[in-house]
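Trainee: Handing you a structure now.
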Amino acid sequence: MNEARIKKSLINVITHSILIVIAFSCLFPVFWMISSSLKTQNEIFTHMDLIPQHWNFSNYAEVWTKAEFGMYFLNSVMYTVFGVLGVVFISSLAAYGFARLKIPGKNFIFLVLVSTMLLPIPGVFVPLYLLLNKMHLLDTRLGLILCYINGGLAFGIFLLRSFFEELPIEIEEAALIDGASRFGIYWRIALPLARPAIATLVIFNTLSIWNEFLLALVVLQDKGKMPIQRGLMMFQGTHITDYPLLMAGLTIATIPVLVVYLLMQKHIVKGIAAGALKG
Amino acid sequence: MSSINSFKKYFTSYLFILPAVLMFAVFSIYPFYKIFALSVFSWDGISTTMKFVGLDQYIHILTKNPNFWTAMGNAAYITVLALIVQNGLALLLALLVNREIKGDNIYRTILFLPPVLSGIVVGLIWKWIYDSNYGILNHFLVRLGWNNLQNFAWLAEVKTSLTAVAVVHMWKGFGYGFIILLAGLQTIPKELYEAAKVDGADAWQQFKYITVPSMISVFSLVSILTVLGTMQIFDLIYSMTRGGPAGHTHVPITRIYEYMANGEFGYSSAMSVIFGLILFAVSIVQLRVSRKMKQYE
């Protein structure tokens with residue numbers, strides 16, 4: 001009995017040791033980024049400590065104004081807000097249609113839409129570039145936002161359709177008898193009830209649009225329109241060895257992600273797990 | 001009267017799906033068709049005339065372009081490492097956390113942090129960690145006694161660059177597999193293990209005869225996601241090495257982007273189609289294998 005207990009606590013110690021080492025390795029690069037962002041150019045070459053000698057916030061002021069990270073940040077906020085709104089509105093509208101309305105051929109259309117989610121189409125940015133060029137949307141904010149909206153639609157429709165299908169239909173039928181329009185029912189009854197699914201959609205699209213780089217690289221040339229991920233690469237290209245400033249820029253780009261992640265952490269982890277196992 | 005009514009009814013119904021269908025038609029289906037159409041033309045994207053070349057570009061990529069195969073090989077190297085090391089680690093950690101330990105939520109939160117960070121941010125942080133002169137990695141290694149590594153440029157040396165990038169990719173990705181595998185483990189009924197214990201099965205036998213068979217579809221899902229995600233790696237490469245040194249870390253997407261940026265629209269489209277078909281074929285094979293394994297259980 002005693003031996004078994006010792007064995008069990010030994011296993012526990014080993015388990016926690018492994019997990020703590022791994023957890024530390026996940027956190028260290030992030031701490032190192034923040035720590036380096038608070039050091040002076042001189043200090044990063046001489047003092048390799050995780051805790052900076054002096055907390056030097058001036059790097060943030062400098063990248064925010066001189067390196068125009070304020071502008072990149074606001075661009076990213078704009079792309080994320082409009083991208084997410086677009087995804088939520090267009091996919092919830094379509095999902096409601098697929099779940100509730102009589103539309104000839106809707107199952108076929110739904111299948112086509114969702115199968116684009118499963119097909120790997122690498123290099124789709126090549127025709128996308130030409131398409132945007134033809135539509136005079138190349139190097140425009142609208143062009144990039146439309147790409148982002150399109151990128152989130154398949155998952156959004158897929159998620160919301162199954163959510164709408166599981167809602168009790170009686171409320172909507174009663175509203176229909178009371179003379180409500182279909183759009184009114186969608187807007188005032190179905191959409192508010194779908195809040196949990198919409199929250200999932202908002203979180204995932206916020207993270208993916210905020211972190212997106214490749215489409216922003218292909219679509220945009222004008223520095224003034226670039227999101228923060230491109231701003232980081234622009235800055236890195238011209239200030240190759242100015243690591244404290246670069247780390248301040250990286251931290252600025254990461255703070256919104258950290259905030260969303262820490263607030264919505266349970267939602268995100270659950271969503272990934274549930275989504276993966278269902279699919 | 002009734003046909004007018006039904007038309008009106010369908011019309012408003014179609015309005016619900018119209019924006020989504022329009023978006024898809026323009027931004028998904030048209031580019032999908034266009035990438036095939038472009039691949040049989042030699043075109044710089046500007047000229048008014050496109051030269052029809054049939055399958056010439058496909059043949060050139062497959063037989064006369066070592067850059068493409070090097071890129072495929074590099075991506076395959078990172079993918080194999082990810083399948084074995086990253087997923088192995090993810091499984092080990094999932095098994096550990098699944099044992100109802102204290103603080104499992106904290107571990108889960110921390111381990112899933114790298115996957116939510118942006119590829120550019122992760123690439124640039126690690127570029128700083130790997131820095132040959134002032135990076136913390138070399139500083140640390142010198143302290144451990146490896147003085148010959150004092151100014152070693154991990155990302156610029158031909159021998160280490162690809163593996164150095166692969167390590168970062170795995171660091172960023174293992175938390176994703178961990179979460180999915182853990183969720184899969186938690187769906188296995190506990191009674192199975194209890195019954196096995198009563199029958200005298202040890203931990204390894206329980207793993208072999210209960211855990212593995214119950215997890216086959218989850219394993220196959222994780223491995224398909226790993227292959228698709230790793231083969232299409234771009235942000236990390238672009239932010240850490242841009243394909244260098246001398247093409248040793250180029251991958252298919254960086255090549256496709258490079259050809260496109262050089263104005264070779266037809267050629268980069270053909271390369272995309274080849275790459276896409278290879279990915280599709282690999283996924284199908286993976287699905288088949290997992291189905292076969294399930295049958296034999």
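Values quoted throughout were computed directly from the atomic coordinates according to the rules given, and no laboratory measurement underlies them. Not measured: the values here are computed from a predicted model. Every residue, glycine as well, gets a Cβ built from its backbone with ideal geometry; the counts of neighbours run over all protein chains shown.
Trainee: Quick one: angle between helix A:243-278 and the longest Cα principal axis of chain A, in degrees between 0 and 90, rounded to 10, please.
Mentor: The two axes meet at around 40 degrees.
Trainee: Once the dipole of segment A:66-278 is set up with Lys and Arg at +1 and Asp and Glu at -1 on Cβ about the Cα centre, which of A:Leu137, A:Thr241, A:Val126 lies farthest towards its positive end?
Mentor: A:Val126
Trainee: Next question. Fewest first, what order do B:Phe16, B:Phe174 take by the number of other Cβ atoms within 10 Å?
Mentor: Details: B:Phe16 24, B:Phe174 27.
In order of increasing Cβ crowding within 10 Å: B:Phe16, B:Phe174.
Trainee: Another question, then. Less than 18 Å apart at the alpha-carbon level, and either on another chain or at least 8 residues along: which aspartates and glutamates does that give for B:Lys51?
Mentor: Of all the aspartates and glutamates, those that pass the test against B:Lys51 - Cα under 18 Å, at least 8 places apart if same chain - are B:Glu264.
Trainee: Test of understanding: what is the full-extension gain from A:Leu111 to A:Phe31, defined as 0.36 nm times their sequence separation minus their Cα-Cα distance?
Mentor: Values: separation 80, 0.36 × 80 = 28.80 nm, distance 4.47 nm.
Gain on extension, A:Leu111 to A:Phe31, equals 24.3 nm.
Trainee: What is the dipole size for chain A, taken about its Cα centre, with +1 at each Lys and Arg Cβ and -1 at each Asp and Glu Cβ, in debye to the nearest 20?
Mentor: Numbers: 20 positive and 15 negative charges, 100 e Å.
The dipole of chain A has a size of about 480 debye.
Trainee: Anyone know which of B:Ile179, B:Ile46, B:Ile284 comes out most mobile in the 10 Å Cα GNM of chain B?
Mentor: B:Ile46
Trainee: If the cut-off is a Cα-Cα distance under 18 Å, which lysines reach A:Lys270, setting aside same-chain residues fewer than 8 apart in sequence?
Mentor: Counting by Cα, and skipping residues close in sequence, A:Lys270 has these lysines nearby: A:Lys278.
Trainee: To continue, here is another question. Residues of A:42-48, mean number of Cβ from any other protein chain within 10 Å of their own Cβ, rounded to a whole number? List each step's numbers first, then the result.
Mentor: Values: counts 0, 0, 4, 2, 1, 0, 6.
Rounded to a whole number, the mean comes out at 2.
Trainee: Any idea what the alpha-carbon Rg over 2.2 N^0.38 Å comes to for segment B:86-201?
Mentor: Details: Rg = 19.2 Å, N = 116, 2.2 N^0.38 = 13.4 Å.
Against the empirical 2.2 N^0.38 Å value, I get 1.43 for segment B:86-201.
Trainee: From the phi of every residue in segment A:28-41, what ³J(HN,Hα) in whole Hz does the Karplus formula 6.51 cos²θ - 1.76 cosθ + 1.60 yield, where θ is phi - 60° and glycine or proline is x?
Mentor: Computed from phi, the couplings for segment A:28-41 are 3, x, 5, 4, 5, 4, 5, 4, 5, 5, 9, 8, 8, 3 Hz.
Trainee: Additional query: Per q in 0.16, 0.28 1/Å, what log10 I(q)/I(0) does a Debye calculation on the alpha-carbon atoms of segment B:192-252 return?
Mentor: Log10 of I(q)/I(0), two decimals: -0.64, -1.04.
Trainee: Report the net charge of residues surrounding A:Ile157, where surrounding means a beta-carbon distance below 14 angstrom and charges are Lys +1, Arg +1, Asp -1, Glu -1. Intermediate values should be presented prior to the final figure.
Mentor: Values: positive: A:Arg100, A:Lys106, A:Arg161; negative: A:Glu165.
Around A:Ile157, the charge tally is +2.
Trainee: Counting helices only, and only those DSSP H runs with n ≥ 4, report the 222 nm mean residue ellipticity of chain B as the sum of -39,500 (n - 2.57) divided by its residues, in deg cm²/dmol to the nearest 500. Don't jump to the answer; show the numbers that get you there.
Mentor: Numbers: 16 runs with 204 residues, N = 297.
Per the formula, -21500 deg cm²/dmol.
Trainee: A further question on this structure: What is the mean projected area of the alpha carbon convex hull for segment B:234-297, to one decimal in square nanometres?
Mentor: Average projection, Cα convex hull of segment B:234-297: 5.8 nm².
Trainee: Within 10 Å of each Cβ in B:35-42, how many Cβ atoms from other chains are there, averaged over the peptide?
Mentor: Partner Cβ neighbours, averaged per residue: 2.
Trainee: Would you work out the Kirkwood radius for segment B:65-296? I mean one over the mean of 1/r across all pairs of different Cα atoms, in Å. Please report the intermediate quantities before stating the final value.
Mentor: Details: mean 1/r = 0.0505 Å⁻¹.
Answer for segment B:65-296: a Kirkwood hydrodynamic radius of 19.8 Å.
Trainee: Check cross-link reach from B:Lys190 to the aspartates and glutamates: straight Cα distance under 13 Å, and skip same-chain residues fewer than eight apart.
Mentor: Straight-distance partners of B:Lys190: B:Glu100.
Trainee: Do me a favour and compute the ellipsoid semi-axes for segment A:2-46 from its Cα gyration tensor, root of five times each eigenvalue, largest one first, whole Å. Show your work: numbers first, answer last.
Mentor: Working: eigenvalues 315, 16, 6 Å².
Computed over segment A:2-46, the values are 40, 9, 5 Å.
Trainee: May I ask for the longest run of chain A untouched by trypsin sites (Lys or Arg not before Pro) that are loop-located per DSSP and have at most 10 neighbouring C-beta atoms (other than their own) within 10 Å?
Mentor: Details: sites that count: A:Lys66, A:Lys102.
Excluding the exposed sites themselves, the longest stretch runs over A:103-279.
Trainee: Based on the Cα coordinates of the protein assembly as shown, what is the per residue volume of their convex hull in Å³?
Mentor: On the way: hull volume 117.7 nm³, N = 576.
Output value, Cα hull per residue: 204 Å³.
Trainee: Counting pairs of alpha carbon atoms under 8 Å apart in space and at least six apart in sequence, what relative contact order in percent does segment A:66-278 give?
Mentor: It rounds to 34 percent for segment A:66-278.
Trainee: Hey, another quick one. Run lengths n ≥ 4 of DSSP H only: what is the helix-derived mean residue ellipticity at 222 nm for chain A, with -39500 (n - 2.57) per run over all residues, to the nearest 500?
Mentor: On the way: 13 runs with 213 residues, N = 279.
Helices in chain A give a 222 nm mean residue ellipticity of -25500 deg cm²/dmol.
Trainee: Tell me, what does the Kirkwood hydrodynamic radius of chain A come to in angstroms if you use every pair of distinct C-alpha atoms?
Mentor: Numbers: mean 1/r = 0.0449 Å⁻¹.
Evaluated over chain A, this radius sits at 22.3 Å.
Trainee: Residues with amide H under 5 Å of B:Gly244's amide H, sequence separation 5 or more or different chain, H placed in the peptide plane at 1.01 Å from N; which?
Mentor: Answer set, sorted by chain and number: B:Thr249.
Trainee: Moving on. Which residue, chosen from B:Met170, B:Ala153, B:Thr12, occupies the Cα position most advanced towards the positive end of the dipole of the protein assembly as shown, where the dipole is computed from +1 (Lys, Arg) and -1 (Asp, Glu) charges on Cβ about the Cα centre?
Mentor: The residue sitting most towards the positive pole is B:Thr12.
Trainee: Of A:Leu146, A:Leu258, A:Phe164, which is farthest along the charge dipole of chain A in the positive direction, counting Lys and Arg as +1 and Asp and Glu as -1 at C-beta?
Mentor: Of the candidates, A:Phe164 comes out farthest on the positive side.
Trainee: In terms of modelled amide H atoms, which long-range or inter-chain residues lie less than 5 Å from the amide H of B:Phe41?
Mentor: B:Val53
Trainee: Let me ask something else. Taking neighbour Cβ counts within 10 Å as the exposure measure, how do B:Phe234, B:Phe24 sort from fewest upward? Don't skip to the end; give the middle numbers.
Mentor: Details: B:Phe234 19, B:Phe24 23.
Exposure proxy ranking, most exposed first: B:Phe234, B:Phe24.
Trainee: Please identify the longest segment of chain A free of exposed chymotrypsin sites (Phe, Trp or Tyr not before Pro), where exposed means a DSSP state other than H, G, I, E or B and no more than 14 other Cβ atoms within 10 Å. All intermediate terms of the calculation are to be shown ahead of the outcome.
Mentor: Values: sites that count: A:Trp55, A:Phe57.
Looking at chain A, A:58-279 is the longest stretch - no exposed chymotrypsin sites (Phe, Trp or Tyr not before Pro) with at most 14 other Cβ atoms within 10 Å.
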